[in-house]
Amino acid sequence: MIPSNSIAEARRAAIVGPGLMGLGVAQALACAGVEVALCGRDAEAAKVGREKLAASLRRQVAKGRLDAGTQARILSRVRAATLTRDGLAGCQIVIESVPEDRALKREVLAAAQAAAPDAMLATNTSGLAISGLAGALRDPARFLGLHFFSPAERMPLVEVVKGRETAEAVVRSALAFLDSVGKRPVIVRDGPGFFATRVFAAYLDEAVAMLAEGVAPALIEQAALANGRALGPLATLDETGIGLNALQALQARADGLEARFCRPLAASAFTFLVEAGRGGRRAGGGFFDWPAEGARAPWPGLEAHFPRARQQPEPADVALRLLVAEAREALLCLEEGVIASADDADAASVLGLGFPSRLGGIVCWAENLGLGAFVAACDRLAAAHGERFAATPWLRELGVRGHGLKAYRRQEGVA
């Protein structure tokens, strides 16, 4: 039986994978009143994962993000479990959240469906095609993507990804469930990177490309902050993990994806950093050194690998380049039907990617700039930096018409 909208009342869920993302999702669901079975590769790993969640909750209380009562309620709703029928008994939804390795995910998903054959099954992949992962399942109709964003306990956005064989009832049930736990779902089309990962990679990788050209790390970071970002792109890569980004690029190449989906601007830099033992903040440092006390500073080894150019660009030019790289990819996703509307694109950029809300969202920024002016900026950047900035015929036509993205926005009163 395919799950019905009653999944909105689901009070038992399983999270498979007690890593950073899995623990964040577990906290978010438990905070909303859901009983969570936290599964690791074995019972001991699940127990360690729950202990890590307890430590994380204590830190959040110390920082004033949670009160002690909420901390206790969340932890009381999370139990260590095994990926067995007994461990997942009563779970109405199972969310896999293991590392971005296709073979590992397929193995875990098959085991999860065997352990909970009547449950909705979801993967928290950030970009692996849902239809490809579904090949490991006996019943792919019950399977879809639910891409949460880090930190999942605070970020409201969830990308909902329907595979080729996902039943419509499963999508409706997932939307209802996410609404019941206080998340903001956005439906995106299955494909490499979905919407958010594609758009964010365009932004982050453009920063790495500038670094490779000799632009000072501080200038890149300051330009992003001037745009309204809370954290610069190089520091963001450190926070998300250089190793994770390198793995995404490797997996895309292994899957035979088009070069544009394989992080061509940044993949070699990620490899260099990982081989130098610079896997990101949690691995001791990446683009930056992250001292326990005091401000972060660019890793001294960066300049030897990425020599600083004598002539540095104007800060405003760096800021515009970052915005255009991100906006062009978002508009390309809109053109390709990866995301259903400009409104969803804006919501996803603000709620999932940290795009400044004062600018309304990434495509709203381009629309307010004027699509004609945006196309002109694309032309200038394409001439200077390559075809990745080139405006498509669709975008040029929109710029000529001068009506913005009205046709791609929801009309008032229409769902």
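Bear in mind that the values in this text are calculations on the coordinates, not laboratory data. Quick caveat: nothing in here was measured; it's all calculated off a predicted structure. Every residue, glycine as well, gets a Cβ built from its backbone with ideal geometry; the counts of neighbours run over all protein chains shown.
Of His403, His305, His147, His385, how do they rank once you tally other Cβ atoms within 10 Å and put the fewest first?
Neighbour counts put them in this order, fewest first: His403, His305, His385, His147.
Would you compute, from DSSP H runs of 4+ residues alone, the mean residue ellipticity of the chain at 222 nm, taking -39500 (n - 2.57) per run and dividing by the full residue count, rounded to the nearest 500?
One gets -15000 deg cm²/dmol as the mean residue ellipticity at 222 nm.
What is the range 5-189 by shape, rounded, prolate or oblate, if you read a ≥ b ≥ c off the alpha carbon gyration tensor as root eigenvalues and call it rounded for a/c under 1.5, prolate for a/b larger than b/c, and oblate otherwise?
Here the range 5-189 falls in the prolate category.
Kindly rank 377-383, 229-235 from highest to lowest mean number of other beta carbons found within 10 Å of each residue.
Answer by packing, highest mean first, reads 229-235, 377-383.
Which helices, taking whole DSSP H runs in the chain, have alpha carbons extending 27 angstrom or more along the helix axis plus mean Kyte-Doolittle at least -0.5?
Once both thresholds are applied, what remains is 43-62, 315-336.
Collect residues whose amide H, placed 1.01 Å from N in the peptide plane, falls under 5 Å from the amide H of Thr123; neighbours closer than 5 in sequence don't count.
Under 5 Å from the amide H of Thr123: Glu96, Leu144, Gly145, Leu146.
³J(HN,Hα) across the range 87-92 via Karplus (A = 6.51, B = -1.76, C = 1.60, θ = phi - 60°), whole Hz, x for Gly/Pro?
x, 9, 4, x, 6, 8
Amide H neighbours of Ala297 under 5 Å, at least 5 residues apart or on other chains, H built in the peptide plane: list them.
Asp289
Need the C-alpha centroid separation for the range 37-96 versus the range 157-183, integer Å.
Cα centroid of the range 37-96 versus Cα centroid of the range 157-183: 23 Å apart.
Taking one equal scatterer on every alpha-carbon of the chain, how large is log10 of I(q)/I(0) by Debye at q = 0.08, 0.09, 0.11, 0.12 1/Å?
Listed by q, the Debye log ratios stand at -0.44, -0.56, -0.85, -1.01.
If you wrap a convex hull around the alpha carbons of the range 97-183, what volume per residue comes out, as a whole number of Å³?
Expressed per residue, the convex hull around the Cα atoms of the range 97-183 is 89 Å³.
Whose amide H sits under 5 Å from the amide H of Val78, counting only residues 5 or more places off or on another chain, with H placed in the peptide plane?
Residues meeting the criterion, in which the H sits 1.01 Å from N, are Val36.
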